[in-house]
Amino acid sequence: MVLSCPGPMRRHEASLLPMSRTVLPQVFLGGESQLLAFAAAVPGLAPKLFFAPLPEIFAGQESLQQARRALGTKEANMREMVHLRFGSVRDARVLKGARNAAVVAEFASAPMLTASHHPFAHGHVVPAAIGRLYIYGPKMVRPQAMGGVALPATRLPQAFVAADLAASRPALVGKRGAGAPAGLDLVRLADFNSAEWAAGAVWPAQAGIPPWAGKPAVLLPWNMAHFGSIVPRLLGQLTSLRRPGTPMPLVVILPFNYLGQTGIIRALIADLRAAAADPETVLNEMILARVSHLRGLAPLKAISRVAWVDGNDPEYWWSLSRLSASGFDPILIDPSSAGNRFSTRLAADEDIRVEVDTRFGALSFDARLPSLRALPRLLAMTGERMARPRPARRAARP
């Protein structure tokens, strides 16, 4: 069984790897965490699990067998090989000659207003070679194969959401990415450097204990595969509220489903710098964080246990589930006028349109954002949650 997901390429040493030699830069949220949770949930298959950073690179039987011989493993019949693709539907890929399936963790959401003619721009189509879906619940989007062919879907048990978190160590992963021994990469936006971030440079490697340690902070997951994300707009609104002497929490941004294209982060920094009355203060009080090993969750919780989750994100339920199961205290920014069954929520009351140029062309999305008048309520809720005792662990069901 070959597992794959989108992500930066530079850290992988080969085109096919046993799971014990797999290095994933970010292991807590998004497609990478879905892959690791799946692997942890099927320990009996460990000797048969392999990771392919770029499954589409293989032309078929012979090229894959060459990779297997290089690993010292026996050759296999391609017809018996299964490839599972994790991550955004838009980034689905196939392993030629194998039986391909997509693992879908995205909720069905409102259709885009406009889209290019790219066949995968809508996020509701997978390559024709994918013959089955694995889903986490009834609300998942059900993409079709090329030509509008409906695909059979199998529901994964609840254990596949947090099996890696339940283990004392990340099951089946014996090597962590470059970074601090704690498994947490940190850098202030003011200090962001594309090459260092891609290589795994972290704050402790630069200057010892971060100067923000002990200050009030909030975590903000950012799904970089969701082009309609409100996170950049929300950060812009927070920037506009900042005034000298006004108490504001530090914002620790957790990008995930990240392909290694740092231009998105650089554009965010440029926009915040242009919008801020005091750019240096703003960029020094916004931090990028990346959990490179699950042991990094403890120092992340030491920074903050409270997180804001964008309810416009198709993977919001996954982020809520992982945060809650790890002992964090998430607040859902809920765009649904009917409300959401997650108890801690703030209604997003302002309709916005997100227009963005992507690798699939120009796309437009409707979304809902907390208005400027609602942000003080979000900040108050955050302060209340910070003052509460440590929450009990719980896992949300999709």
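The values are calculated or read from the model by the stated rules, or taken from the named source; none is laboratory data. If you're wondering where the values come from, they're calculated on a predicted model, not measured in any experiment. Positions of Cβ are generated from backbone atoms using ideal geometry, with glycine treated the same way; all protein chains shown enter the neighbour counts.
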Checklist entry - In the range 365-390, how many residues are of a type in the set (Lys, Arg) and closer than 24 Å to GLY228 by Cα? => result 3
Checklist outcome for this item: Matching residues in the range 139-168 (at pLDDT below 90, closer than 21 Å to ALA46 by Cα and either more than 20 Å from the chain's Cα centre (by Cα) or of a type in the set (Phe, Trp, Tyr) (or both)) number 2
Checklist entry - What are the residues in the range 1-58 that are in contact with a Ser or Thr (Cβ under 6 Å, 6 or more places away or on another chain), closer than 15 Å to ARG85 by Cα, at pLDDT 90 or above and of a type in the set (A, V, I, L, M), if any? => result ALA52
Checklist entry - If you check ALA67 against the conditions, is it touching a Leu at 6+ places or on another chain (Cβ under 6 Å), at pLDDT below 85 and either assigned by TED's automatic domain parsing to the domain that holds LEU297 or not hydroxyl-bearing (Ser, Thr, Tyr) (or both)? => result yes
Checklist entry - Which residue out of ARG242, ARG273 is free of Cβ contacts under 8 Å to residues at least 12 places away in the same chain, more than 25 Å from SER336 (Cα to Cα) and touching a helix residue (DSSP H, G or I) at 6+ places or on another chain (Cβ under 7 Å)? => result ARG273
Checklist entry - Restricting attention to the range 41-53, which residues are exposed (fewer than 14 other Cβ atoms within 10 Å of the Cβ) and either in contact with a Gly (Cβ under 9 Å, 6 or more places away or on another chain) or hydrophobic (A, V, I, L, M, F, W, C) (or both)? => result LEU45
Checklist entry - Looking only at the range 276-289, which residues are in contact (Cβ under 8 Å) with a residue 40 or more places away in the chain and outside any loop (DSSP other than H, G, I, E, B)? => result GLU280, VAL282, LEU283, ASN284, MET286, ILE287, LEU288, ALA289
Next on the checklist: Just to verify a result, which residue in the range 129-153, among those that are farther than 17 Å from VAL82 by Cα and of a type in the set (Gly, Ala, Ser), is surrounded by the most Cβ atoms within 10 Å (Cβ to Cβ)?
Outcome noted: ALA145
Checklist entry - In the range 79-110, how many are in a helix (DSSP H, G or I) and either among the polar types (S, T, N, Q) or under 23 Å from the mean Cα position of the chain (by Cα) (or both)? => result 3
Next on the checklist: Can you go through ASP278, ASP271 and tell me which one is within 22 Å of LEU363 (Cβ to Cβ) and surrounded by fewer than 21 Cβ atoms within 10 Å (Cβ to Cβ)?
Outcome noted: ASP271
Item to check | Residue within the range 309-324 that is assigned by TED's automatic domain parsing to the domain that holds ASP334 and surrounded by fewer than 16 Cβ atoms within 10 Å (Cβ to Cβ) present | outcome: no
Checklist entry - Quick one: is GLY260 under 30 Å from ALA121 (Cα atoms) and within 17 Å of the chain's Cα centre (by Cα)? => result yes
Next on the checklist: Restricting to the range 374-398, count the residues that are modelled with pLDDT of 90 or more and part of a loop (DSSP other than H, G, I, E, B).
Outcome noted: 1
